[in-house]
Structures are given as C-alpha cells and as structure tokens.
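Worksheet: one structure, shown below.
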Amino acid sequence: MIELPLLTPHDIAFPDVELALEEPNGLLAFGGDLSCARLRNAYRLGIFPWYSQGEPILWWSPNPRAIITYERFHISKSLRKWLSKHSYRVTVNNAFDEVIKACSSIPRSPIKHEDGTESTNGVWINANMVSAYKALHREGAAHSIEVWEGNQLVGGLYGVCIGNVFCGESMFHKRTNASKLAFVSLVQFCQTQGIHFIDCQLENPYLKSFGCFAVTREEFRQRLQHAYTTPYSDDIWQPRELAPVPLAYWNVL
C-alpha cells in the first residue's frame with residue numbers, strides 16, 4: 001500500500017522532495033488545491049501537479065529530472081531547412097487562454113520509448129487545471145508562446161516561470177512543425193532574457209531530439225537554487241511578436 005502525505009487547503013507547504021517515492025517515480029503528496037500561492041511554491045521547490053480527471057491532485061518531483069540547457073540544445077538539419085523558409089508568426093503571451101485550451105483538447109498519441117515500451121500521453125489537463133493556470137497567467141507567472149498562420153493559431157506551448165527557470169507544461173500543433181517552432185522560439189527567448197534553463201520534467205523521445213537530458217534530483221535542486229540568486233522580473237514576458245530565430249546560432253545534428 002502506498003502511503004502519501006495529505007495536503008490541506010490551509011497550508012501550502014510541501015514535504016521535502018527527498019521523501020518522494022521511487023515507484024511511481026517522484027510521487028510526493030496528494031490533495032491540497034491549485035491556488036496560485038500553492039502552485040508558485042510548488043514550482044519554486046521543483047514540484048508540479050499531474051493527475052487525471054477523477055483523481056485527487058497528485059504532486060510530483062521525479063528523479064531523474066529532464067532539462068534543456070542552451071549549450072546542449074540542437075535542431076535537426078531537416079528542421080533547420082524548414083525554419084529557414086516558414087511563413088508563420090510567433091508571439092509571446094498574446095493568446096494564453098487559447099493555447100491552454102488547445103493543449104487540453106487535442107488527443108495525444110502514445111509515446112514510444114527506446115526500449116520498445118509505450119506510455120500514455122493522453123489529455124490530462126482538466127478544467128480545474130485550466131482555470132488554475134489561467135489564474136497564474138493573470139498573476140504574471142504562467143506564459144505562452146503562440147504560432148500563427150495569418151490570424152489562425154496553429155501551434156504553441158505554455159509553462160510557468162518562477163525566478164529564472166521556465167517549467168514547460170504542454171504544447172500543441174495544428175500544422176506540421178508548428179510546436180517545434182514554438183519550442184525553438186521559447187529556447188531562444190529564454191536565453192536572450194537570462195533564463196538559466198528549461199525544466200522538461202520527464203524525458204521523452206521528442207524532447208531528447210532537441211538535446212533534453214536527465215539530471216539527478218539533487219543536481220536539479222542545485223540548479224534551481226542557483227537560478228534564484230540572479231535578478232528576475234516578470235516584465236520580460238510582456239506580450240510581443242518575436243523576431244525570427246537566427247538559424248546560424250543553433251547547433252545542428
């Protein structure tokens with residue numbers, strides 16, 4: 001039987017992440033709520049919510065943890081070629097509500113891993129989570145990258161930025177490579193704005209194709225603490241259109 005700490009709505013504190021279970025990997029606690037104060041505290045500690053409709057809120061801090069750093073980020077030759085001639089526009093925080101709605105409603109295919117196994121990647125962003133992250137966006141802590149074909153939203157992603165770390169949550173696309181364009185644009189934006197690294201939570205083949213790699217929970221915590229020692233302002237996320245990604249800048253494999 002799994003025994004987990006029960007969080008209450010009156011206390012936003014979390015157990016030490018070192019108490020997280022090994023199986024299922026990283027499960028730390030359940031219950032509580034999705035208030036902005038609790039979500040801010042969770043992400044600052046390297047904890048995130050992930051649960052299905054009908055379940056209690058589950059809180060996670062997996063070991064190892066997947067991250068993107070700029071020196072190891074890369075794109076494929078085929079993506080570089082596509083990026084050199086696409087005609088989409090990319091914006092920041094112009095349509096957060098639409099992005100999270102799209103992320104919550106588009107069915108996902110199972111993820112195929114290198115060992116031949118598959119894991120579900122189904123829709124898990126329920127109505128309560130949508131409301132919670134919209135509130136966090138209004139507070140200036142949750143952000144979106146949007147990809148536009150004319151006036152139509154065709155791709156994007158959203159996540160949370162606490163201090164100088166961007167924690168990716170979900171992405172979607174309605175056109176080929178639109179989510180990849182959003183992700184490449186995010187990486188470029190974060191680097192130019194002084195964000196230390198991008199938290200990808202868990203490795204998967206899609207993210208590994210960009211250079212995502214795993215670190216221990218302890219190293220992840222150390223990276224978090226270092227990021228918090230440098231100045232940060234939510235003002236960097238003011239709505240704007242992004243300039244095209246300078247392709248010569250990125251490593252190509």
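Here are the numbers for the structure shown:
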item	result
Under-5 Å amide H pairs with SER76, H placed in peptide plane, nonlocal only	LEU253
Highest-MSF residue in the chain out of ALA227, ALA142, ALA182 [GNM, Cα springs under 10 Å]	ALA227
Relative exposure of VAL215, VAL17, judged by other C-beta atoms within 10 Å (fewest first)	VAL215, VAL17
Formal net charge of residues neighbouring TRP60 (Cβ-Cβ distance under 13 Å; K, R +1; D, E -1)	-3
Binned Cα-Cα distance frequencies in the chain - 10 Å width, integer %	7, 31, 39, 20, 4, 0
Choice from PRO205, PRO62, PRO49 showing the highest fluctuation, given a GNM over the chain with Cα pairs closer than 10 Å	PRO205
Kirkwood estimate for the range 6-60, i.e. one over the average of 1/r between Cα atoms, Å	11.2
Vicinal HN-Hα couplings computed from phi for the range 36-50 (Karplus, 6.51 cos²θ - 1.76 cosθ + 1.60; Hz; Gly/Pro x)	4, 4, 5, 4, 4, 5, 4, 5, 4, 8, x, 10, 9, x, 7
Amide H contacts of GLU169 (H built 1.01 Å from N, under 5 Å, at least 5 apart or other chain)	TYR158, GLY159, VAL160
In order through the range 76-84: 3J(HN,Hα) via Karplus (6.51 cos²θ - 1.76 cosθ + 1.60), integer Hz, x for Gly, Pro	7, 4, 5, 5, 4, 4, 5, 4, 6
Charge dipole (debye, nearest 20) of the chain; +1 at Cβ of Lys and Arg, -1 at Cβ of Asp and Glu	1140
HN-Hα J in Hz across the range 53-61 - Karplus 6.51, -1.76, 1.60, θ = phi - 60°, x for Gly and Pro	3, x, 8, x, 5, 10, 10, 10, 8
Cα-projected label distance for GLU98 with VAL252, points at 7 Å along beta-carbon direction, nm	3.2
Relative contact order %, the chain, counting alpha carbon pairs below 8 Å whose residues are six or more apart	25
Full-extension gain in nm, ARG138 to ALA13, via 0.36 nm per residue minus C-alpha separation	42.7 nm
Point-to-point label distance, THR69-LYS174, nm (Cα→Cβ direction, 7 Å offset)	3.8
Local electrostatic count at ASN164 - Lys and Arg +1, Asp and Glu -1, tallied over other residues with Cβ under 12 Å	0
FRET efficiency for GLN238 and SER87, using Cβ-Cβ distance with R0 set to 22 Å, rounded to 0.05	0.35
Computed helical MRE - 222 nm, the chain, DSSP H runs ≥ 4 contributing -39500 (n - 2.57), nearest 500	-8000 deg cm²/dmol
Contact order relative to length of the range 6-60, as percent, for alpha carbon pairs under 8 angstrom and 6 or more apart	36
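None of the figures in this text is laboratory data; all of them are computed from the coordinates on show. Owing to the predicted nature of the structure, the values given are computational and were not obtained by experimental measurement. Cβ: placed from backbone, ideal geometry, glycine included. Neighbour counts: every protein chain shown.
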